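Notes follow the structure.
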Amino acid sequence: MSIQEDYQTAKKQYEKWGINVEEVLEKLQDVPISIHCWQGDDVVGFETNQQELSGGIDVTGNYPGKATTPDELRSDLEKALSLIPGKHRVNLHAIYGETNGEVVERDQLEPKHFENWVNWAKENELGLDFNPTLFSHEKSDDGFTLAHPDKSIRDFWIRHCIASRKIAAYFGKELGTPALTNIWIPDGYKDIPSDRLTPRKRLKESLDEIYAVEIDEKYNEDAVESKLFGIGSEAYVVGSHEFYMGYALKNNKLCLLDTGHYHPTEVVSNKISAMLLYSDKLALHVSRPVRWDSDHVVILDDELREIGLEIVRNDALDKVSIGLDFFDASINRVAAWTIGTRNMIKSLLYAMLTPNEYMKQLQEDGNFTERLALMEEFKTYPFGAIWNYYCEKMGVPVGETWLDEVKSYEDAVLSKRI
């Protein structure tokens, strides 16, 4: 059967449950995913005085063809976006500015260093998000930044974060959609600390100073991101979940939940509904931890489906800013973006094609037998036929055919890079 015929057959099965598939697809195409630029170059960036990757972050693999210039990175992003249905966003780190060979310290970065990104975003009808880069720098070599004992180092990173928020506001004003500025820091200790409180006091004071500079929320939204541990901060991280959750709630900031930043058996999907009771909005960095925060490419596993379900069934599509954060240098990087982003969208579609209200009522009625039975049955409903039709409707490759385009791009472009 054709894609259209498969779709019509599948559509009837979902309609039996009161699901308007056409409305679902219209709604889905309006949900933006913020696609992280750093998958394309292994978190290297374009600083003139580039330094080794640090801050408890590691990228493994040496697949050929990584981007080494801003134009190459934008070209690779364009190729990935052409294979992903919907209109999305691109998430930048401060190290991706363009200074034309001039050494510009991070606390001196300005909007002009990101003009090319803004012009490109306009051409491609994209929103942009932003992150100050508080790693891979001589002033973070000892693993501390905003919580550093040395005030001069703290002040440097405070200035960098303020500059980053101003750059993000420039994005928001130019593109007509607010940028999300997310602060993550590597600060912590490898071994058991003798004082956990003092570094957290310093972090709070630094954040207070950063946010004392008022930026119009029409152009910029602020988020803070926690972490359980990192390489070099195995015993203690200053910016824990509890620290940032409290800070965000008290100061009207978004709490950003990264799916790799918790205990191995702790899941972000379970936090979404709890957090939304007290926060107007949340932000996500969706990744795939394998035994630790390894940032593997997102797959359509149980947790990703649950994240989609929690967002959709709680009517939170406009309350949760969805971003991705993985970096795998062992496979084609354009393919990594495509796989991960398409899977994130699939999880939302899967959730929209679930009779959530009926399922909720079963739970309220104590009918756990039918609840479990239907949850399992819907896993093998003809979701794939709806997804294929959606891809065709949005003008992107159906099924695995997108791989042919990636292979052609690799032959024509990536393989030519040194």
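Residue ranges 195-208, 247-260 sort as 247-260, 195-208 when ordered by packing (mean number of other C-beta atoms within 10 Å per residue, highest first).
Given a Förster radius of 60 Å and the C-beta distance between Lys151 and Met375 as r, what FRET efficiency does 1/(1 + (r/R0)^6) yield to the nearest 0.05? Numbers along the way, then the final one.
Values: r = 54 Å, r/R0 = 0.90.
E(calc), rounded to 0.05, equals 0.65.
Annotation: amide H of Asn91 within the under-5 Å range of Ile35, His36, Cys37, Asp129, sequence separation 5 or more or interchain, hydrogens built in the peptide plane. Enumerate the residues in segment 79-107 having an amide nitrogen under 20 Å from the point lying 7 Å beyond the Cα of Ala412 toward its Cβ. What the label zone holds, given the 20 Å backbone N cut-off, is 79-85. Rounded to whole Å, the principal axis extents of the Cα atoms in segment 227-280 read 34, 23, 11, largest first.
Which one of Val44, Ile339, Leu309 has its Cα pushed farthest toward the positive end of the charge dipole of segment 32-352, where Lys and Arg give +1 and Asp and Glu give -1 at the Cβ? Looking along the dipole axis, the top candidate is Leu309. Note on Ile231 and Ala274: the model spin-label points, each 7 Å out from Cα along the C-beta direction, lie 3.0 nm apart.
Ordering Thr68, Ser233, Leu180 by the projection of their Cα atoms onto the charge dipole of segment 32-352, which places +1 on the Cβ of Lys and Arg and -1 on the Cβ of Asp and Glu, puts Leu180 at the extreme positive end.
At 0.36 nm per residue, minus the direct Cα-Cα distance, what do Asp142 and Ala316 gain on full extension? Give it in nm, one decimal, please. Intermediate values should be presented prior to the final figure.
Values: separation 174, 0.36 × 174 = 62.64 nm, distance 3.96 nm.
Value of the extension gain: 58.7 nm.
Counted residue by residue at 0.36 nm each, then reduced by the alpha carbon distance between them, the extension gain from Ser82 to Asp302 reaches 76.5 nm. Remark on Glu105: its backbone amide H falls under 5 Å from none of the residues 5 or more positions apart or on other chains, H modelled at 1.01 Å from N.
Under a Cβ-only charge scheme (Lys and Arg +1, Asp and Glu -1), can you give me the dipole magnitude of segment 32-352 about the Cα centre, in debye to the nearest 20?
Numbers: 35 positive and 52 negative charges, 141 e Å.
The calculated dipole for segment 32-352 is roughly 680 debye.
What order do you get for 286-294, 184-192, 406-414 when each peptide is scored by the mean count of other beta carbon atoms within 10 Å, highest first? Could you put the intermediate results ahead of the total?
Numbers: 286-294: 17.4, 184-192: 20.0, 406-414: 15.8.
Packing order, densest peptide first, comes out as 184-192, 286-294, 406-414.
Helix content alone sets the calculated 222 nm mean residue ellipticity of the chain: runs of n ≥ 4 DSSP H residues at -39500 (n - 2.57) each, divided across all residues, give -13000 deg cm²/dmol.
Think of the chain as a dipole: +1 on every Lys or Arg Cβ, -1 on every Asp or Glu Cβ, centred on the Cα centre; then among His261, Leu77, Leu277, Leu277 lies furthest on the positive end.
May I ask you to list the trypsin sites (Lys or Arg not before Pro) in segment 1-108 that are in a DSSP loop and have at most 10 other Cβ atoms within 10 Å of their Cβ? Mind dumping the intermediate values first?
Working: sites: Lys11, Lys12, Lys16, Lys27, Lys66, Arg74, Lys79, Lys87, Arg89, Arg106; in loops: Lys16, Lys66, Lys87.
Passing both the DSSP loop test and the Cβ count: Lys16.
Sorted on the mean count of surrounding Cβ atoms within 10 Å across their residues, most packed first, peptides 385-391, 295-301, 277-283, 129-135 read 129-135, 385-391, 295-301, 277-283. Pairs exceeding 20 Å between alpha-carbon atoms, taken from Lys173/Lys250; Lys190/Lys227; Lys112/Lys416: Lys173/Lys250; Lys112/Lys416.
Backbone geometry of segment 166-172 corresponds, through the Karplus equation with coefficients 6.51, -1.76 and 1.60 at θ = phi - 60°, to 3J(HN,Hα) couplings of 5, 5, 5, 4, 4, 4, x Hz, x marking Gly and Pro. Given +1 at the Cβ of Lys and Arg, -1 at the Cβ of Asp and Glu and no other charges, the dipole of segment 269-393 around its Cα centre is 340 debye to the nearest 20.
Counting only residues at least eight positions apart within a chain, or on another chain, the aspartates and glutamates with an alpha carbon under 14 Å from that of Lys166 are Asp107, Glu110, Glu115, Asp129, Glu174, Glu214, Asp216, Glu217, Glu221, Asp222.
Computed with the Debye formula from one identical point scatterer per Cα of segment 32-352, without solvent, the log10 of I(q)/I(0) at q = 0.06, 0.12, 0.16 Å⁻¹ comes to -0.18, -0.77, -1.55. A simple spin-label model places the labels of Val290 and Lys122 4.3 nm from each other, with each point 7 Å out along Cα-to-Cβ. Antiparallel beta bridges, as assigned by DSSP with both residues in the chain, represent about 10 percent of the total such bridges.
Read-outs throughout are calculated quantities, based only on the coordinates presented, and are distinct from any laboratory measurement. Nothing here was measured: the structure is a model prediction, and the numbers come from that model. Neighbour counts are summed over all protein chains in view; Cβ atoms, including those assigned to glycine, are modelled from backbone coordinates with ideal geometry.
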